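J.: My questions all concern the structure below.
The values are calculated or read from the model by the stated rules, or taken from the named source; none is laboratory data. The structure displayed is predicted, hence computed values, not measured ones. When we count neighbours, we look across all protein chains shown, and the Cβ atoms used for this are built from the backbone with ideal geometry, even at glycine. What goes into the accessible areas is simple: the full protein's heavy atoms, side chains included, and nothing from ligands, DNA or RNA. Shrake-Rupley method; radii C 1.70, N 1.55, O 1.52, S 1.80 Å.
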Amino acid sequence: MKTEYIYHRFERFWHWMQAALIIFLGVTGFEIHGSFTFFGYEQAVEYHDIAAWGFIILIAFAIFWHVTKGEWRQYLPTWRNLKAQADYYVFGMFRNAPHPTKKTVISKLNPLQKLVYAGLKVLIIPTMVFTGLVYMFYRYPQRNEVLSLNISGLQTVAMLHTIGAFLLVSFFVAHLYLITTGHTVTSNLRAMITGYEDLPDESITVVNEPVPAISGEAVPETKEVAQ
Amino acid sequence: MKRISLTLLVLGTFVALILTALHKNSSDTPPLTKLKEQYAMRTKPSVDHSLFPELKKKFKRPQDVTAACISCYNGRAEEVMHSSHWQWERTEYVAGKGIRSVGKRNILNNFCIGIQSNEQSCTRCHAGYGYADNRAYFADSLDVDCLACHDNSGTYAKMNEGAGMPDTSVDLSYVAQHVGLPTRTDCGTCHFFGGGGNNVKHGDLEEALFDPTRDVDVHMATDGINMQCVDCHTAKNHQMLGKMYSVSSMNRNRVRCESCHGSMPHKDNVLNDHTFKIACQTCHIPEYAKVNPTKLFWDWSKAGRLKDGKPFELKDSSGTDIYMSIKGSFKWGKDLKPSYVWFNGTATHYLLGDKFDPSKPLDINHLMGSYDDPDSKIYPVKVHIAEQIYDTKNDYLIQPKLYSARKGDGGFWGDFNWQTSAEAGMKAAGLPYSGHYGFTETRMYWPVNHMVAPKEKAVGCNECHTRNDGRLAEVGGFYMPGRDFNPWVERFGFGLMALTLAGVFMHGGARVVAGRKRKRNV
């Protein structure tokens with residue numbers, strides 16, 4: 001058993017901030033949707049707006065980080081080992097088979113994660129941000145006025161925003177469960193909190209494809225731990 | 001070190017930006033304090049009318065008072081004669097009907113129906129003397145009733161069924177010496193009692209507004225800014241600002257909240273966004289008929305029952321009329337939530353002689369507007385429903401003669417006979433009557449504009465943005481967050497959530513089972 005440094009400090013901050021914001025946006029958002037009453041409608045709208053701005057700011061920082069550090073390449077979807085990873089969840093896991101892909105700071109996402117997270121980042125989050133901004137800044141058509149954003153109704157915007165929200169809820173449920181599918185039940189969670197993850201030594205069958213040309217930041221040394 | 005400072009910088013910026021988003025812009029405070037300063041100023045009259053010898057004499061006829069007024073204010077009577085308070089009609093474009101001259105003089109309602117053949121009684125509220133049935137007097141400026149509006153003594157009153165003449169008890173000389181700008185008492189004497197009693201017609205205009213608290217009306221409150229009607233309903237050359245959609249059709253000459261408060265008066269921009277589609281009144285008049293009930297339903301078909309050959313009245317436990325032989329049966333309501341409609345400031349009207357389909361309720365006035373119309377906003381209205389008389393052969397409404405000067409003249413209130421009442425009324429209106437009458441359901445829509453509540457009592461967000469029975473549940477044509485949802489999106493969403501949960505539990509369960517098996521096998 002050895003301990004690998006997987007998640008950078010900013011990455012972890014980003015992850016937990018994003019988690020908190022998405023949960024909060026979900027609660028306030030579904031209240032605005034009329035699914036339940038918790039904060040009260042007026043408060044829910046106010047909080048949802050504030051959290052939305054927080055989320056947008058966080059996204060701006062995250063994009064900056066991903067671009068400057070080349071980390072965006074982590075999310076490039078790949079066919080390689082996709083089947084192996086899927087097979088692992090369907091069969092291997094129940095036979096105590098090892099994870100088919102090796103997690104390193106260079107390549108921390110398995111092929112299924114790459115696919116799902118890329119979808120999240122390219123499709124769902126942008127849709128939510130865009131429809132959310134339209135929601136905030138639309139103006140109904142007014143005569144003889146310069147308009148920031150003219151739409152005839154909220155129907156389509158609201159539908160897209162709601163679909164996105166439902167997809168995020170489902171992602172959230174699956175994500176919570178998949179935390180437990182690391183080397184041990186808690187090793188994924190620990191990694192996201194501390195940055196370090198316990199990984200088995202030599203039992204890796206397939207090494208995940210290394211991500212090319214990551215800008216060279218000093219990676220903390222891998223600590224060997226007595227088994 | 002470098003990393004810690006970077007993290008601090010990121011966190012610091014983040015917190016600063018959130019605080020900026022939270023901070024409300026306080027620089028554009030609505031000019032409420034300025035408005036209060038403005039309306040707290042009460043100008044003293046420049047003259048004391050009680051010192052004029054012209055007004056100290058004994059007046060035989062009210063027209064002599066008018067002559068005395070004109071001796072100083074020449075030309076003013078002619079202004080009044082050009083106003084709707086005198087004309088009781090004006091030229092309007094009525095949607096679907098064209099350019100018509102409409103007003104009290106010829107239009108029908110579903111309260112006391114119409115004035116034709118009933119002038120002697122109805123014109124008690126005319127701003128003139130002697131509007132009985134002939135219209136010749138309309139030319140004489142001495143018939144202008146200055147006192148009805150300018151009495152500041154609170155003692156002026158018009159005679160019941162006197163065609164606009166003052167009551168014999170009125171001391172004309174005393175009233176003439178105490179004149180000034182119209183007060184709520186002057187306006188309210190007519191406008192609070194339309195339809196034959198307090199608050200019958202409007203629901204938001206009633207005698208409680210002579211001396212209201214802030215909770216009843218934040219503008220007219222005597223414990224508040226105590227505004228008079230004419231503070232908003234300003235006049236130039238005796239042409240008053242404001243009108244009612246029971247008798248007028250065009251989007252003009254309106255009193256607007258925005259003229260004082262601006263179109264975006266809230267500190268909160270989410271609320272300001274609402275002003276594009278929601279009228280001020282919709283949120284700021286959560287209830288009307290706050291003190292006394294207003295009439296909601298009037299069944300004329302029940303009128304005419306007699307006890308021992310004599311008309312009678314029934315009252316409910318609160319002393320409100322629920323049956324009168326002369327008028328039929330009523331339903332009243334108090335502390336009412338308004339109904340809401342899209343309204344663009346224009347209305348169409350049922351005009352005397354228009355054919356209609358008696359199998360459906362008839363809108364006597366219809367407020368125009370829809371979500372897609374950029375001029376429309378959601379407005380609060382009072383809906384008044386009636387069963388009223390119509391000609392079953394000609395399929396048009398009947399103008400009945402109600403007022404009865406003497407038995408046998410056809411007036412329903414004397415003879416209690418719809419047949420002769422319809423004949424006499426339609427003769428005066430100049431329309432044929434087939435001799436066959438029935439009763440049909442009609443509706444009127446009265447925009448609610450008064451009884452504005454203090455801002456703390458304005459309608460809350462969740463009263464409309466709710467799935468269950470919100471105030472705007474019936475108002476269609478648009479998507480409202482909190483009220484509306486797409487059923488397919490909900491099905492998809494909850495289905496997906498259920499599938500995900502099921503998948504998670506099945507997979508997790510299988511893992512537990514597989515783990516146990518492995519342990520046993522080891």
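J.: Answer with yes or no whether residue B:466 is surrounded by 16 or more Cβ atoms within 10 Å (Cβ to Cβ) and at the interface with another protein chain (Cβ under 9 Å from one of its Cβ atoms). Show your work before the answer.
T.: Values: surrounded by 16 or more Cβ atoms within 10 Å (Cβ to Cβ): yes; at the interface with another protein chain (Cβ under 9 Å from one of its Cβ atoms): yes.
Yes.
J.: Name every residue in the range A:57-75 that is more than 9 Å from every other protein chain (Cβ to nearest Cβ) and open to solvent by less than 50 Å² (accessible area, probe 1.4 Å), in order of residue number.
T.: Residues of the range A:57-75 that are more than 9 Å from every other protein chain (Cβ to nearest Cβ), as a first pass: A:59-60, A:62-75.
Matches in the range A:57-75: A:59, A:62, A:65, A:66, A:69, A:70, A:71, A:74, A:75.
J.: Going through the range B:54-86 one residue at a time, which ones are open to solvent by 70 Å² or more (accessible area, probe 1.4 Å) and farther than 18 Å from residue B:131 by Cα?
T.: B:54, B:56, B:57, B:58, B:60, B:71, B:72, B:73, B:74, B:76
J.: Still on this structure, please answer the following. Assigned to a helix (DSSP H, G or I) and at pLDDT 95 or above: does that describe residue B:493? Show your work before the answer.
T.: On the way: assigned to a helix (DSSP H, G or I): yes; at pLDDT 95 or above: yes.
It is true that residue B:493 is assigned to a helix (DSSP H, G or I) and at pLDDT 95 or above.
Residues checked against (1) open to solvent by less than 40 Å² (accessible area, probe 1.4 Å); (2) under 16 Å from the mean Cα position of the chain (by Cα):
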{"residue": "B:327", "(1), (2)": "yes, no"}
{"residue": "B:334", "(1), (2)": "no, yes"}
{"residue": "B:352", "(1), (2)": "yes, no"}
{"residue": "B:360", "(1), (2)": "no, no"}
{"residue": "B:365", "(1), (2)": "yes, yes"}
{"residue": "B:372", "(1), (2)": "no, no"}
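J.: Here is a follow-up. Could you identify the single residue in B:453, B:510, B:458 that is facing chain A (nearest Cβ under 9 Å) and more than 30 Å from residue B:113 (Cβ to Cβ)?
T.: Numbers: B:453 fails: facing chain A (nearest Cβ under 9 Å); B:458 fails: facing chain A (nearest Cβ under 9 Å).
Just a single option satisfies the conditions, and that option is B:510.
J.: May I ask you to say which residue of B:107, B:115 is open to solvent by less than 30 Å² (accessible area, probe 1.4 Å) and touching a residue at least 40 places away in the same chain (Cβ under 8 Å)? Break it down into steps so the answer makes sense when it comes.
T.: Values: B:115 fails: touching a residue at least 40 places away in the same chain (Cβ under 8 Å).
Only one candidate qualifies: B:107.
J.: Report, by residue number, each residue of the range B:471-522 that is over 25 Å from residue A:172 (Cα atoms) and of a type in the set (Ser, Thr, Tyr).
T.: Of everything in the range B:471-522, just one residue is over 25 Å from residue A:172 (Cα atoms) and of a type in the set (Ser, Thr, Tyr), namely B:479.
J.: Whether any residue in the range B:265-286 is surrounded by fewer than 15 Cβ atoms within 10 Å (Cβ to Cβ) and under 30 Å from residue B:99 (Cβ atoms) is what I want to check.
T.: First, the residues of the range B:265-286 that are surrounded by fewer than 15 Cβ atoms within 10 Å (Cβ to Cβ): B:267-270, B:272.
Narrowing further to those that are under 30 Å from residue B:99 (Cβ atoms): none.
Scanning the range B:265-286 turns up no residue that is surrounded by fewer than 15 Cβ atoms within 10 Å (Cβ to Cβ) and under 30 Å from residue B:99 (Cβ atoms).
J.: Residue check: is residue B:508 over 56 Å from the mean Cα position of the chain (by Cα), surrounded by 12 or more Cβ atoms within 10 Å (Cβ to Cβ) and modelled with pLDDT of 90 or more?
T.: The answer is yes for residue B:508.
J.: List the residue pairs whose Cβ atoms are under 9 Å apart, where the first residue sits in the range A:163-179 and is without any contact (Cβ under 8 Å) to a residue 60 or more places away in the chain and more than 7 Å from every other protein chain (Cβ to nearest Cβ), the second is surrounded by fewer than 17 Cβ atoms within 10 Å (Cβ to Cβ) and not in a helix (DSSP H, G or I), and the two are 6 or more positions apart or on different chains.
T.: Taking only residues 6 or more apart or on different chains, the pairs are A:179/A:185; A:179/A:186.
J.: While we're looking at this one, here's another question. Kindly indicate the residue of the range B:1-46 that is surrounded by fewer than 10 Cβ atoms within 10 Å (Cβ to Cβ) and among the β-branched types (Val, Ile, Thr) and also modelled with the highest pLDDT among those meeting that condition.
T.: B:33
J.: Kindly provide the set of residues from the range A:88-137 that are open to solvent by 40 Å² or more (accessible area, probe 1.4 Å), within 26 Å of residue A:196 (Cα to Cα), more than 12 Å from chain B (Cβ to nearest Cβ) and not in a loop (DSSP other than H, G, I, E, B), ordered by number.
T.: The answer is A:112, A:113, A:115, A:116, A:117, A:121.
J.: Right, next: Just to check your reading of the model, which residue among B:503, B:493 is closer than 30 Å to residue B:371 by Cα, of a type in the set (Gly, Ala, Ser) and at the interface with chain A (Cβ under 10 Å from one of its Cβ atoms)? Walk me through how you get there before you give the answer.
T.: Working: B:503 fails: closer than 30 Å to residue B:371 by Cα.
Exactly one residue qualifies, and that residue is B:493.
J.: Return yes when residue B:247 is open to solvent by less than 40 Å² (accessible area, probe 1.4 Å), among the aliphatic types (A, V, I, L, M) and in contact (Cβ under 8 Å) with a residue 60 or more places away in the chain and no when it is not. Break it down into steps so the answer makes sense when it comes.
T.: On the way: open to solvent by less than 40 Å² (accessible area, probe 1.4 Å): yes; among the aliphatic types (A, V, I, L, M): yes; in contact (Cβ under 8 Å) with a residue 60 or more places away in the chain: yes.
Yes.
J.: Return the residue satisfying two criteria in turn: it lies in the range B:298-315 and is free of Cβ contacts under 8 Å to residues at least 12 places away in the same chain and touching a strand residue (DSSP E or B) at 6+ places or on another chain (Cβ under 9 Å), and of such residues it is least open to solvent (accessible area, probe 1.4 Å).
T.: For the range B:298-315, the residue satisfying everything is B:314.
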